[in-house]
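Here's the structure we're looking at; comments come further down.
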Amino acid sequence: MKELAADGIPVAVTCRVLKLARQPYYRWLAQPVTDAELVEAYRANALFDAHHEDPEFGYRYLVEEARDAGQPMAERTGWRICSQNRLWSVFGKRKRGKNGKVGPAVHDDLVGRDFTAGAPNQLWLSDMCRRRHGEQM
């Protein structure tokens, strides 16, 4: 918008066409970076420096290091900044849930997936699914 004003197009016309109020534009023009954004940038720099020095530690340790460097913050704030900037521990995260790799079988398959029994008490089966209370198949 500043460029349009330099080309001779009035700010009032530009704001009207863009459906913006003039007051926020002038507020932004006076201070393009807010105090909160500046504080968060200093915190992010402190976390980045701590991560660069010790990349094997997680966000809790990084927050402690940033506090020692003079950038106090809550752990939740440190977690948010670390996750937005992808400051992960080099050890990584474990995959959980359906997208993780399938692990080894919990027990040996003694029946070879053949579930027919020749006589009573020869073969026992059990449903190992975890179900919520009251849920039926």
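The values are calculated or read from the model by the stated rules, or taken from the named source; none is laboratory data. Because the structure is predicted, anything quoted here is derived from the model rather than measured. Using ideal geometry, Cβ is built from the backbone for each residue, glycine included, and neighbour counts are taken over all protein chains shown. SASA here: full protein model, heavy atoms, side chains in, ligands and nucleic acids out. Shrake-Rupley method; radii C 1.70, N 1.55, O 1.52, S 1.80 Å.
Before moving on, here are some points about what is shown:
- In the condition set (1) open to solvent by 100 Å² or more (accessible area, probe 1.4 Å); (2) at pLDDT 65 or above; (3) among the charged types (D, E, K, R), Lys93 is compliant with all but (2).
- Conditions (1) at pLDDT 75 or above; (2) open to solvent by 90 Å² or more (accessible area, probe 1.4 Å); number of the one not met by Leu123: (2)
- Residue under evaluation Tyr42, criteria (1) open to solvent by 80 Å² or more (accessible area, probe 1.4 Å); (2) modelled with pLDDT under 90; (3) not basic (Lys, Arg), criterion not met: (2)
- Listed by first and then second residue, the pairs linking a residue in region 43-58 that is in contact (Cβ under 8 Å) with a residue 40 or more places away in the chain and assigned to a helix (DSSP H, G or I) to a residue that is open to solvent by 30 Å² or more (accessible area, probe 1.4 Å) and among the basic types (Lys, Arg), with Cβ atoms under 8 Å apart and 6 or more places separating them unless they lie on different chains, form an empty list.
- Residue within region 31-39 that is over 30 Å from Ala6 (Cβ atoms) and open to solvent by 60 Å² or more (accessible area, probe 1.4 Å) present: yes
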